[in-house]
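*Asks:* I'd like to ask you about the structure that follows.
The values are calculated or read from the model by the stated rules, or taken from the named source; none is laboratory data. Remember, predicted model here, so these are calculated numbers, not experimental data. Every residue, glycine among them, receives a Cβ derived from its backbone with ideal geometry; neighbour counts consider all protein chains shown.
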């Protein structure tokens, strides 16, 4: 089923905006129905065989009412403008619900990075940074890693960006502050302690807060769809917190072991030979429908749909991917009494620590991991509680409540 992610995003906007006064609803729908800016760039790359190939890239800057645009850059063959528009909208919501002084943006390049050599990947990354250089900066737009990008790629981009701006800066301090334009960097490039695991750890803090509100205290089981950096860290932190992870999966399929999976061994084997080991082979579709307490979709969009929502057996869904649940599935799950902790809240730990990194770079500071995690825990618990209270006040699902919180903050900033 072909689901347009931007249409899903606008459906979520309309549902939450309807909770405001008619005047404010009209203002929100008018100002947030389209991005403020769309960059469509072509990136020529010299390939290793001597040929020249053109890649298509995007940077969407959705809303900057609360601060500079903020959002990741993904490399994927299925990147589309509608996808990047939707993700940039969700980033604006995510930064607002996490109460960060940032707006929302997103970037992407249509490419299968696995088909490129390391040298081709670097040339592509540097070319993209040059292509968007005039439209980004510490006080304009602050990109970060996303699907198939990482700290190494951010290092290439920030290096290329700084080169492009050297003629415009007047001091060494200004030059150093330019590095805050990109977050998710390696520590040696100015990155923050705790950034790599921040999304997963933030997800755990949000889950624990909501579980206390719901009153679920028993020994819990979980299934994690998507076993990249986020999925692995979520699973690892779950186990540390006493939650038994019984299933994990990647794009090739999954494994199921009712007594619990050793996620460290599974992740090492995946890295070494591309295969998940340690349990019975299952499909991604089967993992979603397992009888577990917590289901964690942490791969791509639209995996929980109108078709499978009625078969979901989990007691709570913790969204760690962006947009994994369609609006139709949301309605079905809410009707069935299955809380969906929405992505704009549950995976906002990553952007929260990215914001911390941005702050550290601007101030010339470097915080300890303990300090970063303490700030992260306090923020996630506070905002999860705010969303829970909004859901009770407006008698609505957690996603709509999160949007209400976010839209209220954006509306205030636009007035």
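Quick grid of which residues meet (1) over 20 Å from residue 269 (Cα atoms); (2) under 18 Å from the mean Cα position of the chain (by Cα); (3) in contact (Cβ under 8 Å) with a residue 24 or more places away in the chain:
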position: 213; (1), (2), (3): yes, no, yes
position: 221; (1), (2), (3): yes, no, yes
position: 227; (1), (2), (3): no, yes, yes
position: 231; (1), (2), (3): no, yes, yes
position: 237; (1), (2), (3): no, yes, yes
position: 240; (1), (2), (3): yes, no, no
position: 248; (1), (2), (3): no, no, yes
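*Asks:* Answer yes if at least one residue in region 369-379 is more than 27 Å from residue 237 (Cα to Cα) and either outside the structural domain of residue 320 (by TED's automatic domain parsing) or free of Cβ contacts under 8 Å to residues at least 12 places away in the same chain (or both), and no otherwise.
*Replies:* Looking only at region 369-379, we keep the residues that are more than 27 Å from residue 237 (Cα to Cα), and these are none.
No, region 369-379 has no match at all.
*Asks:* Is one or more of the residues making up region 33-55 within 28 Å of residue 331 (Cβ to Cβ) and outside any loop (DSSP other than H, G, I, E, B)? Walk me through how you get there before you give the answer.
*Replies:* As a first pass, look at region 33-55 and keep what is within 28 Å of residue 331 (Cβ to Cβ): 33-35.
If we keep only those that are outside any loop (DSSP other than H, G, I, E, B) as well, we get none.
Within region 33-55 (the criterion being within 28 Å of residue 331 (Cβ to Cβ) and outside any loop (DSSP other than H, G, I, E, B)), the answer is no, since none of the residues qualifies.
*Asks:* Now a separate question. Could you tell me whether region 291-305 includes any residue that is more than 24 Å from residue 205 (Cα to Cα), part of a loop (DSSP other than H, G, I, E, B) and without any contact (Cβ under 8 Å) to a residue 60 or more places away in the chain?
*Replies:* No, because not a single residue in region 291-305 is more than 24 Å from residue 205 (Cα to Cα), part of a loop (DSSP other than H, G, I, E, B) and without any contact (Cβ under 8 Å) to a residue 60 or more places away in the chain.
*Asks:* Let me ask you something else. When you look at residue 137, is it on the phi > 0 side of the Ramachandran plot, surrounded by fewer than 19 Cβ atoms within 10 Å (Cβ to Cβ) and modelled with pLDDT of 95 or more, yes or no?
*Replies:* Against the criterion (on the phi > 0 side of the Ramachandran plot, surrounded by fewer than 19 Cβ atoms within 10 Å (Cβ to Cβ) and modelled with pLDDT of 95 or more), residue 137 qualifies.
*Asks:* I've got another one for you. Tell me, please, whether a residue that is free of Cβ contacts under 8 Å to residues at least 60 places away in the same chain and under 30 Å from residue 318 (Cα atoms) can be found in region 159-179.
*Replies:* Scanning region 159-179 turns up no residue that is free of Cβ contacts under 8 Å to residues at least 60 places away in the same chain and under 30 Å from residue 318 (Cα atoms).
*Asks:* So, one more: Restricted to region 106-134, and to residues that are out of contact with any strand residue (DSSP E or B) (no Cβ under 7 Å at 6 or more places or on another chain) and within 24 Å of residue 299 (Cβ to Cβ), which residue is modelled with the lowest pLDDT? If you could, list the steps in order and put the result at the bottom.
*Replies:* We begin by selecting, within region 106-134, every residue out of contact with any strand residue (DSSP E or B) (no Cβ under 7 Å at 6 or more places or on another chain); these are 112, 114-119, 121-122, 125-126, 129-130, 133-134.
Pick out the ones that are also within 24 Å of residue 299 (Cβ to Cβ) and you get 112, 114-116, 121, 125.
Details: 112: 97, 114: 94, 115: 97, 116: 98, 121: 98, 125: 98.
Here the answer is 114.
*Asks:* Continuing with the same structure: Consider residue 354 against the criteria (1) more than 27 Å from residue 312 (Cβ to Cβ); (2) free of Cβ contacts under 8 Å to residues at least 60 places away in the same chain; (3) in contact with a strand residue (DSSP E or B) (Cβ under 6 Å, 6 or more places away or on another chain): it satisfies all of them except one. Which criterion is unmet?
*Replies:* The failed condition is (2).
*Asks:* Another question, if that's okay. Can you name the residue in region 266-297 that is within 15 Å of residue 231 (Cβ to Cβ) and out of contact with any strand residue (DSSP E or B) (no Cβ under 8 Å at 6 or more places or on another chain) and, of all such residues, is surrounded by the fewest Cβ atoms within 10 Å (Cβ to Cβ)?
*Replies:* 271
*Asks:* To continue, here is another question. What are the residues in region 194-221 that are assigned to a loop (DSSP other than H, G, I, E, B), surrounded by fewer than 20 Cβ atoms within 10 Å (Cβ to Cβ) and out of contact with any strand residue (DSSP E or B) (no Cβ under 8 Å at 6 or more places or on another chain), if any?
*Replies:* Once the filter is applied, which keeps residues that are assigned to a loop (DSSP other than H, G, I, E, B), surrounded by fewer than 20 Cβ atoms within 10 Å (Cβ to Cβ) and out of contact with any strand residue (DSSP E or B) (no Cβ under 8 Å at 6 or more places or on another chain), region 194-221 yields 215, 217, 218.
*Asks:* Evaluate the following for residue 123: is it farther than 22 Å from residue 70 by Cα and assigned to a helix (DSSP H, G or I)?
*Replies:* When the stated conditions are applied, residue 123 passes them.
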